[in-house]
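Scroll down for the structure; my scribbles are underneath it.
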Amino acid sequence: MERARDREKEVKDGYVEKLIKINRVTKVVKGGKNFSFSALVVVGYGDGRVGYGFGKANDVTDAIRKATEKAKAHLITVPMKGSTIPHEMLGKYKSASVLVRPAVPGTGVIAGGAVKAVADAAGIKDLLSKSLGSKNNINTVKATFDAFENLFDAKKLASQRGKSLKEMWG
């Protein structure tokens with residue numbers, strides 16, 4: 001049986017869409033119960049560009065579509081050094097914390113659920129991570145994005161210091 005968080009879709013535009021969580025929400029009203037759905041989706045191009053979106057609708061497919069559109073509208077670029085990240089970083093969002101560390105080539109992505117989906121969508125091949133605090137998928141994804149947004153880009157840092165990239169990396 002296929003689990004919802006393992007659902008991945010390759011789309012013709014060259015991006016990968018990963019569904020992390022679908023949640024059914026019930027609103028109790030005078031006439032009965034109204035069901036609606038929320039979806040958390042991560043979209044990535046495999047070259048360091050990645051985004052997440054959260055969509056709500058009365059139908060599952062509409063919720064996923066809305067989440068995908070929001071994810072494509074809010075892409076960030078993750079600085080990469082080869083197939084990993086340049087340095088260690090701790091990302092925080094509310095009570096969720098995610099520690100991401102670079103790994104040597106061949107290690108693979110050692111991460112749990114939501115962090116693994118974000119790293120795979122971004123095209124990161126080697127990464128070590130530890131999720132601390134809250135286990136809420138939405139907060140974990142936001143903490144992961146906080147960590148990735150605060151990574152230093154080597155080219156930008158070298159140009160600010162007036163050095164070449166080779167002088168920076170040694």
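Test Ser129 against the criterion of being assigned to a helix (DSSP H, G or I) and either in the same structural domain as Gly48 (by TED's automatic domain parsing) or over 12 Å from the mean Cα position of the chain (by Cα) (or both), and give yes or no. Here the answer is no, as Ser129 does not meet what is asked. Going residue by residue through region 57-65, is there one that turns out to be part of a strand (DSSP E or B) and either closer than 19 Å to Ala147 by Cβ or assigned by TED's automatic domain parsing to the domain that holds Ala122 (or both)? No, the conditions are met nowhere in region 57-65. Looking for something among the aromatic types (Phe, Trp, Tyr) and either in a strand (DSSP E or B) or more than 16 Å from the chain's Cα centre (by Cα) (or both) - is there at least one such residue anywhere in region 76-95? Scanning region 76-95 turns up at least one residue that is among the aromatic types (Phe, Trp, Tyr) and either in a strand (DSSP E or B) or more than 16 Å from the chain's Cα centre (by Cα) (or both). Against the condition in the same structural domain as Leu19 (by TED's automatic domain parsing) and either in contact (Cβ under 8 Å) with a residue 12 or more places away in the chain or under 18 Å from Val16 (Cβ atoms) (or both), how does Lys70 come out, does it pass? Yes. Does Lys92 count as within 25 Å of Ala147 (Cβ to Cβ), in contact with an Asp or Glu (Cβ under 7 Å, 6 or more places away or on another chain), modelled with pLDDT of 95 or more and not β-branched (Val, Ile, Thr)? Criteria met by Lys92. For Leu75, state whether it is in contact with a Ser or Thr (Cβ under 6 Å, 6 or more places away or on another chain) and surrounded by fewer than 21 Cβ atoms within 10 Å (Cβ to Cβ). Taking the combined requirement at face value, the residue does not satisfy it.
Select from region 125-160 the residues that are among the hydrophobic types (A, V, I, L, M, F, W, C) and without any contact (Cβ under 8 Å) to a residue 60 or more places away in the chain and list them in ascending order. Selection gives Leu127, Leu128, Leu132, Ala143, Ala147, Leu157, Ala158.
Here is a list: Ile138, Ile110. Which entry is under 13 Å from the mean Cα position of the chain (by Cα), of a type in the set (Val, Ile, Thr) and outside the structural domain of Asp13 (by TED's automatic domain parsing)? Being under 13 Å from the mean Cα position of the chain (by Cα), of a type in the set (Val, Ile, Thr) and outside the structural domain of Asp13 (by TED's automatic domain parsing) holds for just one of Ile138, Ile110, which is Ile138.
Scanning region 141-170 for residues that are crowded, with 16+ Cβ neighbours inside 10 Å and either touching a helix residue (DSSP H, G or I) at 6+ places or on another chain (Cβ under 8 Å) or not assigned by TED's automatic domain parsing to the domain that holds Val98 (or both) gives Val141, Thr144, Phe145, Phe148, Ala154, Ala158. Taken over region 132-170, residues that are assigned to a helix (DSSP H, G or I) and more than 26 Å from Val41 (Cβ to Cβ) amount to 13. When the residues of region 116-140 are narrowed to those that are of a type in the set (Val, Ile, Thr) and over 18 Å from Thr77 (Cβ atoms), which ends up surrounded by the fewest Cβ atoms within 10 Å (Cβ to Cβ)? Checking each candidate, the answer is Ile138.
The values are calculated or read from the model by the stated rules, or taken from the named source; none is laboratory data. On a predicted model such as this, the values are computed, not experimentally measured, just so you know. Note: ideal-geometry Cβ built from the backbone for every residue, glycine included; neighbour counts use all protein chains shown.
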